[in-house]
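Asks: Questions regarding the structure given below will be posed in turn.
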Amino acid sequence: MSKRRWTVVLVPHGSEPSKVIEVSYSVLKMMAAGVATAVAIALIVGYITISRTADLSRSARLAHENSVLTQEMGELYGRLSLLADTITRISQRDARIRVLANLEPIDPQVQAAGIGGPTLASRPGPGESGGAIDRSYEIRVDLNALIRRANLLASSFEEAADSLAIHSARLAATPSIMPTQGWLSSAFSSMRSHPILHLARPHEGIDVTAPMGTPIEAPATGVVTDAGWESGYGNTVTIDHGFGVMTKFAHASKIVVGSGQRVKRGQKIALVGNSGLATGPHLHYEVHVNGRAVDPLRYVLPDHVVTD
């Protein structure tokens, strides 16, 4: 069987004779394969070139973004350092505030727990970190530490505020002034002879002699629990100051407050008189702590006491 052949006739323009070329089928197949191979190689080379160009462009863009990010992270790290210094100063003030609030200083171990950062085991290992990654780790460690310190300070300030509020309320409710201007005529005594009844009786307060109508002032903040006549005491005012402290004012000529009224230290509550069993105008003043009578002079500054 003869081999398949292709005849190609080339007819030139003009008077030149035509040319006849015979090509075998196998040669044509080889030529087609060569053309296909060349096209494939060209496509592959083109794809590689385009991909490499895109990768270079992407790498350049990422490098620029990484540079900008590193710069911004550096600025952020600087701001965190300033914030850490501020929190340190606040922490120092917190220590002084706790002293004023009558609180114990924060335990050093608790402070260490609030300041410390993650363990070294959580830090990226060799070959896993770069400039930006290292800086991001430092910021993350510092930020976590600052959050813990801020939370610790917030709790401490809240505790100090509560303590100061209670302390302030207790100070406001503690009798600290002489209720009226006069001189001490009879001291606190477990037993004395009553000036009218001439019987030995406890004297659960002090007597302050003063002119008739001299103002009687509340020695501390409190609520009037009783304002009226009481046998033996005459016109009497009783104030509950809270914290187990109550005060009593007797023999007044006039009462100017009512039961249930809230009064402040220095507010006028009555006028000196001689109502009840009294030999003359004076104030009988008592202080009771948790139901037990105590010497009122313990709650009066020495400069405010005038003796005979």
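Asks: Checking the condition modelled with pLDDT of 70 or more, surrounded by 12 or more Cβ atoms within 10 Å (Cβ to Cβ), of a type in the set (Lys, Arg) and out of contact with any helix residue (DSSP H, G or I) (no Cβ under 8 Å at 6 or more places or on another chain), which residue from Arg148, Arg140, Arg192, Arg170 passes?
Replies: Matching residue, one of Arg148, Arg140, Arg192, Arg170: Arg170.
Asks: Still on this structure: In the set Leu277, Leu283, Leu184, which member is more than 51 Å from the chain's Cα centre (by Cα), farther than 30 Å from Ile97 by Cα and of a type in the set (A, V, I, L, M, F, W, C)? Please lay out each step first, then the result.
Replies: On the way: Leu283 fails: more than 51 Å from the chain's Cα centre (by Cα); Leu184 fails: more than 51 Å from the chain's Cα centre (by Cα).
After ruling out the rest, the residue left standing is Leu277.
Asks: Return yes when Val257 is within 18 Å of Val287 (Cα to Cα) and among the hydrophobic types (A, V, I, L, M, F, W, C) and no when it is not.
Replies: No.
Asks: Shifting gears a bit: What number goes with the only condition from (1) in contact with a Ser or Thr (Cβ under 8 Å, 6 or more places away or on another chain); (2) touching a residue at least 40 places away in the same chain (Cβ under 8 Å); (3) surrounded by 15 or more Cβ atoms within 10 Å (Cβ to Cβ) that Asp240 does not pass?
Replies: (2)
Asks: May I pose another question? Among what's in the stretch 69-90 and is at pLDDT 75 or above and either outside any helix (DSSP H, G or I) or aliphatic (A, V, I, L, M) (or both), pick the residue that is surrounded by the most Cβ atoms within 10 Å (Cβ to Cβ).
Replies: So the residue we want is Ile87.
Asks: From the list Val27, Val23, which residue is modelled with pLDDT of 70 or more, over 58 Å from the mean Cα position of the chain (by Cα) and farther than 30 Å from Ala145 by Cα? Steps first, answer last, please.
Replies: Details: Val23 fails: modelled with pLDDT of 70 or more.
None of the other options fit; the residue is Val27.
Asks: Does Gly46 qualify as being within 30 Å of Arg5 (Cα to Cα), surrounded by 10 or more Cβ atoms within 10 Å (Cβ to Cβ), assigned by TED's automatic domain parsing to the domain that holds Arg5 and out of contact with any strand residue (DSSP E or B) (no Cβ under 9 Å at 6 or more places or on another chain)?
Replies: Against the criterion (within 30 Å of Arg5 (Cα to Cα), surrounded by 10 or more Cβ atoms within 10 Å (Cβ to Cβ), assigned by TED's automatic domain parsing to the domain that holds Arg5 and out of contact with any strand residue (DSSP E or B) (no Cβ under 9 Å at 6 or more places or on another chain)), Gly46 does not qualify.
Asks: Could you grab me the full set of residues in the stretch 204-220 that are surrounded by fewer than 18 Cβ atoms within 10 Å (Cβ to Cβ) and either assigned to a loop (DSSP other than H, G, I, E, B) or on the phi > 0 side of the Ramachandran plot (or both)? Lay out the reasoning, then the answer.
Replies: Within the stretch 204-220, the first condition is being surrounded by fewer than 18 Cβ atoms within 10 Å (Cβ to Cβ), and the residues that meet it are 211-213, 215.
Pro211, Met212, Gly213 - these are the residues of the stretch 204-220 that are surrounded by fewer than 18 Cβ atoms within 10 Å (Cβ to Cβ) and either assigned to a loop (DSSP other than H, G, I, E, B) or on the phi > 0 side of the Ramachandran plot (or both).
Asks: Which of the residues spanning the stretch 221-237 are touching a His at 6+ places or on another chain (Cβ under 9 Å) and in a strand (DSSP E or B)?
Replies: Scanning the stretch 221-237 gives Gly222, Val223, Gly234, Asn235, Thr236.
Asks: Further question: Could you figure out which of (1) in a loop (DSSP other than H, G, I, E, B); (2) at pLDDT below 90; (3) among the polar types (S, T, N, Q) isn't true of Thr180?
Replies: In the conditions (1) in a loop (DSSP other than H, G, I, E, B); (2) at pLDDT below 90; (3) among the polar types (S, T, N, Q), Thr180 misses (2) alone.
Asks: Could you check the stretch 264-273 and list, in sequence order, the residues that are in contact with a strand residue (DSSP E or B) (Cβ under 6 Å, 6 or more places away or on another chain) and at pLDDT 95 or above?
Replies: So the first thing to find is which residues in the stretch 264-273 are in contact with a strand residue (DSSP E or B) (Cβ under 6 Å, 6 or more places away or on another chain), and the list is 266, 268-273.
Answer for the stretch 264-273, where residues must be in contact with a strand residue (DSSP E or B) (Cβ under 6 Å, 6 or more places away or on another chain) and at pLDDT 95 or above: Lys268, Ile269, Ala270, Leu271, Val272, Gly273.
Asks: Taking the stretch 252-278, which residues are under 15 Å from Gln181 (Cα atoms) and part of a strand (DSSP E or B)?
Replies: Listed by number, the residues that qualify are Ala252, Lys268, Ile269, Ala270, Leu271, Val272, Gly273.
Asks: Right, Ala278: modelled with pLDDT under 95, surrounded by 15 or more Cβ atoms within 10 Å (Cβ to Cβ) and either within 16 Å of Thr174 (Cα to Cα) or touching a strand residue (DSSP E or B) at 6+ places or on another chain (Cβ under 8 Å) (or both) or not?
Replies: Answer is yes for this residue.
The values are calculated or read from the model by the stated rules, or taken from the named source; none is laboratory data. These numbers come from a predicted model, not from an experiment. FYI the Cβ positions are ideal-geometry reconstructions off the backbone, even for glycines, and counts take in every protein chain you see.
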